[in-house]
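Worksheet: one structure, shown below.
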Amino acid sequence: MLTAIGAALDIGAEVVLVPGNHDHRLIAPWLETRGESGPLPPLSLEEHAGADATAATAAIAAMLAPARLDVAYPGVWLADGVYATHGHYVDRHSTVPSFRASRRRRARPRPR
């Protein structure tokens, strides 16, 4: 599938991968070792790990060729005022609470 996507794009087209909660292992090694020695610096809103950030991202980049792969984490600015992120960071703020929750009440029989 990625090979077909890469082939369908113009040479030099860019695909931006924004890993999230289900595919975080794609860049976990990069996240754990970024920066020099000492404590890891805080992430900004847009960090570019690059296509060769990990063996997994390099493999994805090879499949997408001739398109180029950029790996951005935790999101990427697409234009002024347009920020794209995987979305799981805002789940708590963008979902409607559910009251189906943990305990269900048994319907009591109506008196006759």
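Within the set V76, V71, the sole residue that is touching a residue at least 60 places away in the same chain (Cβ under 8 Å), buried (at least 18 other Cβ atoms within 10 Å of the Cβ) and touching a strand residue (DSSP E or B) at 6+ places or on another chain (Cβ under 6 Å) turns out to be V76.
Take the residues of segment 1-13 that are surrounded by 11 or more Cβ atoms within 10 Å (Cβ to Cβ), small (G, A, S) and out of contact with any Pro (no Cβ under 7 Å at 6 or more places or on another chain): which is farthest from L69 (Cα to Cα)? It comes out as A7. The residues of segment 42-55 that are among the acidic types (D, E) and either over 14 Å from the mean Cα position of the chain (by Cα) or at pLDDT 95 or above (or both) amount to a single one, D52. The set of residues in segment 14-32 that are open to solvent by 40 Å² or more (accessible area, probe 1.4 Å) and assigned to a loop (DSSP other than H, G, I, E, B) comprises N21, H22, D23.
Within segment 40-54, restricting attention to residues that are touching a residue at least 24 places away in the same chain (Cβ under 8 Å) and open to solvent by 30 Å² or more (accessible area, probe 1.4 Å), the residue that is farthest from A72 (Cα to Cα) is L43. Taking the conditions exactly as written (of a type outside the set (D, E, K, R) and modelled with pLDDT of 80 or more), does A58 satisfy them or not? Spelling it out, A58 is indeed of a type outside the set (D, E, K, R) and modelled with pLDDT of 80 or more.
Among the residues making up segment 9-33, those that are at negative phi and small (G, A, S) are A13, G20, A28.
The values are calculated or read from the model by the stated rules, or taken from the named source; none is laboratory data. What you are looking at is a predicted structure, and each value in this text was computed from that prediction instead of being measured. No Cβ is skipped: glycine too gets one built from the backbone with ideal geometry, and neighbour counts run over all protein chains shown. Protein only, heavy atoms only, side chains kept; ligands, DNA and RNA dropped before computing areas. Shrake-Rupley method; radii C 1.70, N 1.55, O 1.52, S 1.80 Å.
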